[in-house]
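Following: one structure in structure tokens, then a few remarks.
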Amino acid sequence: MAEFRYRSREIRQEDILYIRTLIERYPKESRRKLLMLERAGQIALPPVSYVRHNPLSRRARPQPVLIDTTPIEDPLRKLQPLEFEPVRRTAQEPMFNSLMEEHHYLGYEQPVGEQLKYLVWAQGRPIACLAWSSAPRHLGSRDRYIGWDAAARRSHIRFIAYNTRFLILPWVRVEHLASHLLGRMAARISDDWQQMYGHPIYFLETFIDPERFRGTCY
């Protein structure tokens with residue numbers, strides 16, 4: 001009489017006894033093929049002998065940096081010219097990471113996939129940080145807006161960048177600055193992406209928390 005079925009195969013009592021014997025004889029063998037039987041309560045596997053290493057789980061948080069926090073409240077025209085500095089894979093990237101960790105309400109998270117990071121400078125001081133990365137694969141509102149099918153999405157998703165972080169440092173209070181920064185970014189990011197990854201960007205997207213923000217800068 002069958003005790004269990006696995007991929008249409010009947011597992012009988014004698015099979016289970018045989019597997020138990022194998023476990024006792026070879027306690028260091030891989031557990032993968034036996035997990036289903038263990039979950040069914042038919043066998044008891046030996047303790048796990050290997051734990052997969054995940055380097056991200058032990059990543060140290062960015063350390064604080066000392067910068068001038070004197071309030072900046074001048075009109076936008078007096079801050080010009082603003083300098084947009086791509087800092088991905090540069091000596092300034094730790095400053096970007098630190099400012100995000102300390103001053104963005106979501107903190108700093110290491111992006112994955114294609115990505116760019118920018119520090120924005122005014123009068124020799126950092127005033128803002130922006131991070132962009134590969135877009136999420138599936139996003140219903142975006143996919144309906146574009147009107148593409150699954151095949152077109154797979155082929156062209158690389159042409160979309162997602163604004164993962166946007167931070168204006170808390171001591172910077174300048175009218176229209178947020179919209180100005182986003183407009184400047186939209187004008188240059190495709191060329192920067194082309195230089196870094198060999199293809200342009202045609203579409204930018206972001207999310208906001210409506211309980212915190214109205215999204216008017218967009």
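Residue ranges 146-154, 191-199, 174-182 sort as 174-182, 191-199, 146-154 when ordered by packing (mean number of other C-beta atoms within 10 Å per residue, highest first). Each of CYS129, CYS217 was scored by other Cβ atoms within 10 Å of its Cβ. Listed from fewest to most, they are CYS217, CYS129. With just the Cα atoms defining each centre, how far is the stretch 106-126 from the stretch 141-218? Give it in Å. A separation of 14 Å, based on Cα centres. Full extension of the chain segment joining ARG212 with ALA187 gains 6.3 nm, where the gain is 0.36 nm per residue of separation less the Cα-Cα distance.
As a rough footprinting exposure proxy, the listed residues TYR218, TYR118, TYR162 were ranked by other beta carbons within 10 Å of their own, and the order from fewest upward is TYR218, TYR162, TYR118.
Every read-out reported here was derived from the displayed coordinates using simple, explicitly stated rules and does not represent laboratory data. Nothing here was measured: the structure is a model prediction, and the numbers come from that model. Quick reminder, even Gly has a Cβ in these numbers, built from the backbone with ideal geometry, and neighbours come from all protein chains shown.
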